[in-house]
1. Select from the range 30-45 the residues that are outside any loop (DSSP other than H, G, I, E, B), farther than 20 Å from Asp152 by Cβ and touching a helix residue (DSSP H, G or I) at 6+ places or on another chain (Cβ under 7 Å) and write down the one among them that is farthest from the ligand (Cβ to nearest atom).
2. Do we have any residue at all in the range 47-65 that's out of contact with any helix residue (DSSP H, G or I) (no Cβ under 9 Å at 6 or more places or on another chain), among the small types (Gly, Ala, Ser) and assigned by TED's automatic domain parsing to the domain that holds Pro129?
3. State the number of residues belonging to the range 6-29 that are away from the ligand (no atom under 14 Å from the Cβ) and free of Cβ contacts under 8 Å to residues at least 24 places away in the same chain.
4. Could you check the range 58-173 for strands (runs of 3 or more DSSP E) lying wholly inside it with 2 or more residues that are surrounded by fewer than 18 Cβ atoms within 10 Å (Cβ to Cβ)?
5. Can you confirm whether Leu55 is within 22 Å of Ser105 (Cα to Cα) and among the hydrophobic types (A, V, I, L, M, F, W, C)?
Amino acid sequence: MSLLQETQITHCPRCGSASIIEFHNAVACRACGYKLFINCAAATGCLAVRDGSLLMVVRKKDPGKGLLDLPGGFVDFGESLETGMRRELNEEIGLAPERLTYLTSGPNTYLYKDVLYHTVDCFFTAVMPVGIEPCAGDDAESLTWVHLDDIDEEKIAFDSVKAAIRLYKEKYR
Ligand SMILES: [Zn+2]
């Protein structure tokens, strides 16, 4: 799919001209010279394992409504990956872990309201605080602990998440 189709941009965002073309990863305007770069968005995901089971989120919304995901989400302007990760964990599972450790990253696509977004997902492992149970909030329909031996990739919403879980199992099991 072309960048113009993916972004559904039909006119120059600055001057309104319909004379726009794709230029590598940018949309360029022939009329005024404006160039809008379409970069990938940063996102995070957290692997929290307790007694061999991984904490997963049942997605409340599309893309992947009803499928499993890791707690996480898009990084806001001005945030570090770690700050974004902690904010998303607070929003989705009601707590932030004591320690985050970088695991891996991977590309992903995210189709939202017919617009295809490209992301780079950064995955952390987390040590969860003892004695506090996570509870679903925000974009999470519910939370579930899935044993690492029982993970069914067909039920996972995103390829980057599947790859991160595979890597985690190779590394730590
Ligand atoms: Zn223009």
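1. Taking the range 30-45 as the starting set, the residues that turn out to be outside any loop (DSSP other than H, G, I, E, B) are 35-37, 41-45.
Adding the requirement that they be farther than 20 Å from Asp152 by Cβ leaves 35-37, 41-44.
In the following step, the residues that additionally are touching a helix residue (DSSP H, G or I) at 6+ places or on another chain (Cβ under 7 Å) were identified as 42, 44.
Values: Ala42: 28, Thr44: 34 Å.
In this case the residue turns out to be Thr44.
2. yes
3. Number satisfying all stated conditions: 3.
4. Numbers: elements: 72-74, 99-112, 115-127, 140-147.
Because the criterion is at least 2 residues that are surrounded by fewer than 18 Cβ atoms within 10 Å (Cβ to Cβ), the strands (runs of 3 or more DSSP E) in the range 58-173 that meet it are 99-112, 115-127, 140-147.
5. Yes; evaluated as a whole, the condition is true for this residue.
The values are calculated or read from the model by the stated rules, or taken from the named source; none is laboratory data. What you see is a predicted model, and the numbers here were worked out from it, not measured in a lab. A quick note on method: Cβ atoms are made from the backbone with ideal geometry, for glycine too, and the neighbour counts reach across all protein chains shown.
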